[in-house]
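The values are calculated or read from the model by the stated rules, or taken from the named source; none is laboratory data. Everything quoted here is computed from the prediction, not taken from an experiment. Heads up, the Cβs are rebuilt from the backbone with ideal geometry, glycines too, and the neighbour counts pull from every protein chain shown.
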Amino acid sequence: MRSFYLPLPIVAASLKPFYRLALNARLPFAVQRKILEAASPLQTLPHGTVSEKLTLAGRQAERITVGATERTTAVLYLHGGAYTIGSIATHRSLAAHLARESASAVYVLDYSLAPENPLPAGLNDAVAAFRELVTSHGFSADRVAIAGDSAGGGLAVATARRLVDDGILPAALGLISPWVDPGARDAQFDRDLVVNTAWSFASADAYLHEGDPLDQRFAPLHGDLSGLPPVVMHVGTSEVLYPQIVAFHDKLLLSGVEVDYVEYEKLWHVAHLQASILREAADAVHHMGAFLGATVRTSEVVFAEPASSDLV
């Protein structure tokens with residue numbers, strides 16, 4: 001475990017001007033992508049990280065482990081970025097911390113982005129990637145979780161919905177501030193430390209293109225949530241997305257889905273990205289990773305000799 005972290009107020013103060021620059025609706029998406037890519041090396045990797053480039057369903061991907069490289073469980077990670085920006089590079093550090101805390105192989109997918117590839121291109125990529133992990137990489141579906149942040153969180157839910165409807169049940173969902181209603185235009189305020197509505201609305205329009213804003217593939221909040229696997233979900237109480245995530249949490253419970261839900265008063269939108277420099281973020285990733293790691297190993301317990309260490 002890293003022994004040196006920066007104070008939360010310093011990290012927050014440093015990030016605010018960066019996000020105001022990078023997530024600017026007046027900048028072309030290509031420029032936004034380059035700004036985020038340039039900053040990604042500042043978020044470091046845990047000791048013992050091994051990263052392997054590969055393809056999943058014809059898309060670039062990265063398999064990340066920390067410690068032992070041979071793993072019997074996996075997490076398909078779908079990065080955030082409002083469906084228009086973000087990449088393997090911007091989320092490599094977060095994925096590596098999640099790999100360490102879950103003791104699983106984390107596969108980060110470079111799914112298709114809008115506006116070049118609107119809905120349902122990214123969803124099709126994610127569903128196909130999960131299927132390939134099961135058919136070609138030696139995992140059973142009940143040992144693979146799906147996780148994501150922001151838009152990637154919404155995409156994780158949409159991916160799970162498609163898989164469940166096709167008779168395939170992932171082990172769990174790990175959702176960090178999931179964007180579950182991108183078509184909503186009733187935000188209580190127009191900016192938090194990370195997200196501003198001018199940028200997010202423009203990105204949502206680019207992703208939806210000519211689609212229906214109530215389509216559950218775009219807005220899982222308005223869809224069927226029954227039958228989804230267990231969910232661990234985090235959100236900051238000061239986020240623009242907070243009200244819709246609370247509504248989503250309530251609907252999950254009404255739909256009979258098991259949910260481990262945590263609200264953070266001090267953390268901002270997807271602060272988990274700063275796990276390498278902020279103790280509070282590292283603790284949040286630890287909580288999510290522990291939940292996912294225990295859940296994907298449940299099926300192993302069924303076939304193993306009874307032992308107190310099965311879920312460790």
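Scanning the stretch 209-237 for residues that are of a type in the set (A, V, I, L, M, F, W, C) and touching a Leu at 6+ places or on another chain (Cβ under 6 Å) yields PHE218, LEU225, VAL231, MET233. Here is a check on your reading of the model: is HIS269 closer than 26 Å to HIS286 by Cα, part of a loop (DSSP other than H, G, I, E, B) and out of contact with any Cys (no Cβ under 9 Å at 6 or more places or on another chain)? It is true that HIS269 is closer than 26 Å to HIS286 by Cα, part of a loop (DSSP other than H, G, I, E, B) and out of contact with any Cys (no Cβ under 9 Å at 6 or more places or on another chain). Taking the criterion of being touching a residue at least 40 places away in the same chain (Cβ under 8 Å) and in contact with a Gly (Cβ under 6 Å, 6 or more places away or on another chain), the only residue of the stretch 195-217 that qualifies is GLN216.
Each row is one residue, and each column tells you yes or no for (1) surrounded by fewer than 18 Cβ atoms within 10 Å (Cβ to Cβ); (2) within 26 Å of LEU6 (Cα to Cα).
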position	(1), (2)
ASP190	yes, no
SER203	no, no
ARG217	no, no
SER226	yes, no
VAL231	no, no
GLN244	no, no
ALA247	yes, no
LEU253	yes, no
VAL270	no, yes
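Among the residues of the stretch 132-145, those identified as at pLDDT 95 or above and either within 22 Å of GLY289 (Cα to Cα) or buried (at least 21 other Cβ atoms within 10 Å of the Cβ) (or both) are LEU133, VAL134, HIS137, PHE139, SER140, ALA141, ASP142, ARG143, VAL144, ALA145. The residues of the stretch 255-268 that are surrounded by fewer than 24 Cβ atoms within 10 Å (Cβ to Cβ) and either closer than 21 Å to VAL195 by Cβ or of a type outside the set (A, V, I, L, M) (or both), listed by number, are SER255, GLY256, GLU258, ASP260, TYR261, VAL262, GLU263, TYR264, GLU265, LYS266, TRP268.
Of everything listed in (1) at pLDDT 95 or above; (2) farther than 26 Å from ALA61 by Cβ; (3) surrounded by fewer than 17 Cβ atoms within 10 Å (Cβ to Cβ), the single unmet condition for ALA184 is (3). For the stretch 110-141, name all the residues that are assigned to a helix (DSSP H, G or I), farther than 14 Å from ALA156 by Cα and in contact (Cβ under 8 Å) with a residue 24 or more places away in the chain. Across the stretch 110-141, the qualifying residues are GLU132, LEU133, VAL134, ALA141.
Each residue in the stretch 154-171 was checked for being assigned to a loop (DSSP other than H, G, I, E, B) and at negative phi, and 5 pass.
Screening TYR5 against (1) closer than 23 Å to ILE176 by Cα; (2) hydroxyl-bearing (Ser, Thr, Tyr); (3) within 20 Å of the chain's Cα centre (by Cα) leaves a single unmet condition, (3).
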